[in-house]
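What follows is one structure encoded as structure tokens, with my remarks underneath.
Values quoted throughout were computed directly from the atomic coordinates according to the rules given, and no laboratory measurement underlies them. The model shown is predicted, which means the values in this text are computed figures rather than measured ones. Cβ: placed from backbone, ideal geometry, glycine included. Neighbour counts: every protein chain shown.
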Amino acid sequence: MKVLVTGGAGFIGSQLVDALIERGHQVVVVDNLSTGFARNLNPLASFYQMSVSDAELASVFDRERPRLVSHQAAQMIIQRSVADPVFDASVNILGSLNVILNCLRLGVRKIIYASSGGAVYGEPEYLPVDEKHPVNPISQYGVSKHTVEHYLHLYAANHGLSYTVLRYPNVYGPRQNPRGEAGVVAIFAGLMLHGQRCTIFGPGNKTRDYIHVSDIVEANILALERGDNQIYNLGTGVETSDQAMFDALAGVLGYRGSPIYAPMRPGEIQRICLDASKASRELGWQARIGLKEGLRLTTQYYQELATQTSEGEGS
């Protein structure tokens, strides 16, 4: 099957591309490389460097005629969405509409959409949060990600375009950019490995539901053939605080420094963890890599990356 992956040079998207190719699928990647990297691209995938917002996306659909689309591309930084909501909406809403309308025009069978279980719900009324929880996002990013879910339902109901929405928790693992603005594990690990101090926003009791990228990839693979016209939370149902994550990473990396505590940032929720029992029942999915093992695998990647960087600078 031919699958078009938006954001296929990014942290999650590139590893999904690898998994699809390993399973014998033809893969087309669309990525503007604003946050993704050319080094992440699988050489067996066809690559088009463009934004999902570009009008030229139609020519990619015309040329490649994918059977299924996995829409991973997004503006994913909450603070940027707060500072520039128009840009956030232009990428996450209008860009997604561009993808959806091209799917409809070319008769694509299904679109898999990467949404956010950490942002669409807002401050939770109960934990862990299931799919029946009220949706009241408190960031522009959460609003934009949820808006696309409504469009998917609309085009399924009125035009027969199948979809599966996967609401991600906080994803971590290899290839996440340690110099970016999203991804606590990558940011903390990158700073610790360079002997720099990490910033915790708030007193350290803010919690998130952390999951290794390989588990997210597996959910996307399962959704190729399952879960039509459904929304699924992905997660562990376990809260991990910022302070606990800092302490865990410091222990793994032998870091002796202390964090800097800064004021909480607008748009960030205080607590979240997700109930993924629906995904377990209907997709046959569950998180398989625990936090301890996941951090070991992830820090090993960043240690190797830091070594390669230092060797490159010294040559």
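Side notes on the structure shown:
- Projecting the Cα atoms of V52, H150, N220 onto the dipole axis of the chain, where Lys and Arg carry +1 and Asp and Glu carry -1 at the beta carbon, places N220 farthest toward the positive end.
- Secondary-structure-derived ellipticity at 222 nm for the chain, considering helices only, amounts to -12000 deg cm²/dmol, per-run term -39500 (n - 2.57) for DSSP H runs with n ≥ 4.
- Gained length - R23 relative to F201, 0.36 nm times residue gap less alpha-carbon distance: 60.0 nm
- Compactness check for the stretch 108-248: Cα Rg over 2.2 N^0.38 Å is 1.15.
- Exposed loop sites, defined as chymotrypsin sites (Phe, Trp or Tyr not before Pro) outside DSSP H, G, I, E and B with at most 16 other Cβ atoms within 10 Å, are absent from the longest region of the chain, namely 127-315.
- Global form of the stretch 1-45, assessed from the alpha-carbon gyration tensor, a/c cut-off 1.5: prolate
- Options I78, L104, F188, ranked by Cα towards positive dipole end of the chain, top entry (Cβ charges): L104
- The loop-placed trypsin sites (Lys or Arg not before Pro) in the stretch 106-148, going by DSSP, that have at most 13 neighbouring Cβ atoms within 10 Å of their Cβ come out as K132.
- Of the labelled figures [x] 18.9, 60; [y] 18.1, 61; [z] 19.2, 63, only one reflects Rg and Dmax of the Cα atoms in Å as derived from the coordinates, namely [x].
- Helix 184-193 vs. the chain, principal-axis angle (Cα, 0 to 90°, nearest 10): 40 degrees
- When +1 charges are put on Lys and Arg Cβ atoms and -1 charges on Asp and Glu Cβ atoms, the dipole computed for the chain relative to its Cα centre reaches about 260 debye.
- Of all lysines in the structure, those lying under 22 Å Cα to Cα from K292, and not within fewer than 8 positions of it along the same chain, are K206.
- Under the combined filter of DSSP loop state and at most 10 neighbouring Cβ atoms within 10 Å, the stretch 155-194 retains these trypsin sites (Lys or Arg not before Pro): R179.
- Within straight-line cross-link reach of K110, lysines at Cα separation under 30 Å, skipping those fewer than 8 residues along the same chain: K2, K132, K145, K278
- Each Lys and Arg Cβ is given +1 and each Asp and Glu Cβ -1; about its Cα centre, the stretch 207-295 then shows a dipole of about 200 debye.
- Longest exposed-site-free window of the chain, the sites being GluC sites (Glu not before Pro) in a DSSP loop that have at most 14 other C-beta atoms within 10 Å: 226-315
- What you get for the stretch 57-129, charging only the Cβ of Lys and Arg (+1) and of Asp and Glu (-1), is a dipole of about 540 debye around the Cα centre.
- Estimated translational D of the stretch 74-153 in µm²/s (Stokes, Kirkwood radius over Cα pairs; 10 °C; 1.306 mPa s): 119 µm²/s
- Angle of helix 242-253 to the longest C-alpha principal axis of the chain, folded into 0 to 90 degrees and rounded to 10: 70°.
- Mean separation of Cα contacts under 8 Å (6+ apart) over length of the chain, as relative contact order %: 17 percent
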